[in-house]
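Take a look at the structure set out below.
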Amino acid sequence: MKVLITTMLTIGVFMLAGCAEPEPRVAPRPKVNWNDVQSIASAISVQRDDLKKTTNFKGPNSSKGILDTVLLRAWKSDEDGGFSYQIYVIDYYRGDWRFYDTASDSKGNNLVIKLNSRDVSSCDYFTCAHQEHIGINVSREYLEKTRKTVLFLS
């Protein structure tokens, strides 16, 4: 009887472990030499959106700190040939919500945040993991003038 109970308990634990939501996996980053324009250019993905009549460009992840993803996105419209640019940030963290609502750069420029999503990724007995996706719309002129500045979120 003791063996039967132990076996049933073990099977139950394995079945419940299969229901647990795994931590999100971050895709491996391609090796980018940030001092080489060709290396950066080869890491840019280009996708066509026939429905919206745009071409979408997504740069490599340049995050080197606390944020999981920091990259530049751009869209080119078929209608007028104009470009739109966005600094895209993803932060995955555990603990209390951060509720990002402001951004500024190291030169003191305040930037407008567009919250794309704010989600609970997983929870355990003690805390939850959260993920916030933020877009910061910028102009090409801004990007050219501030290419060596640092971005701050709060």
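Looking across the range 122-153 at every residue that is assigned to a loop (DSSP other than H, G, I, E, B) and charged (D, E, K, R), the one that is nearest to F83 (Cα to Cα) is identified as R147.
Going residue by residue through the range 49-56, is there one that turns out to be of a type in the set (A, V, I, L, M) and surrounded by 14 or more Cβ atoms within 10 Å (Cβ to Cβ)? Checking the range 49-56: not a single residue is of a type in the set (A, V, I, L, M) and surrounded by 14 or more Cβ atoms within 10 Å (Cβ to Cβ).
Residues considered: S77, S62. Of these, the only one that is among the hydroxyl-bearing types (S, T, Y), out of contact with any Lys or Arg (no Cβ under 9 Å at 6 or more places or on another chain) and surrounded by 13 or more Cβ atoms within 10 Å (Cβ to Cβ) is S62.
Quick one: is K64 touching a strand residue (DSSP E or B) at 6+ places or on another chain (Cβ under 9 Å) and at pLDDT 85 or above? Judged against the criteria, K64 is not a match. Selection within the range 68-92: residues that are of a type in the set (S, T, Y) and under 11 Å from the mean Cα position of the chain (by Cα). The member of this set that is nearest to E144 (Cα to Cα) is Y88. Of the residues contained in the range 104-118, one or more are found to be of a type in the set (S, T, Y), closer than 12 Å to F152 by Cα and touching a Ser or Thr at 6+ places or on another chain (Cβ under 6 Å).
The set of residues from the range 107-119 being in contact with a His (Cβ under 6 Å, 6 or more places away or on another chain) and loosely packed, with under 13 Cβ neighbours inside 10 Å comprises just one member, S117.
The values are calculated or read from the model by the stated rules, or taken from the named source; none is laboratory data. Quantities reported herein were computed from a predicted structural model and do not represent experimental measurements. We place every Cβ from the backbone using ideal geometry, glycine too, and count neighbours over all the protein chains shown.
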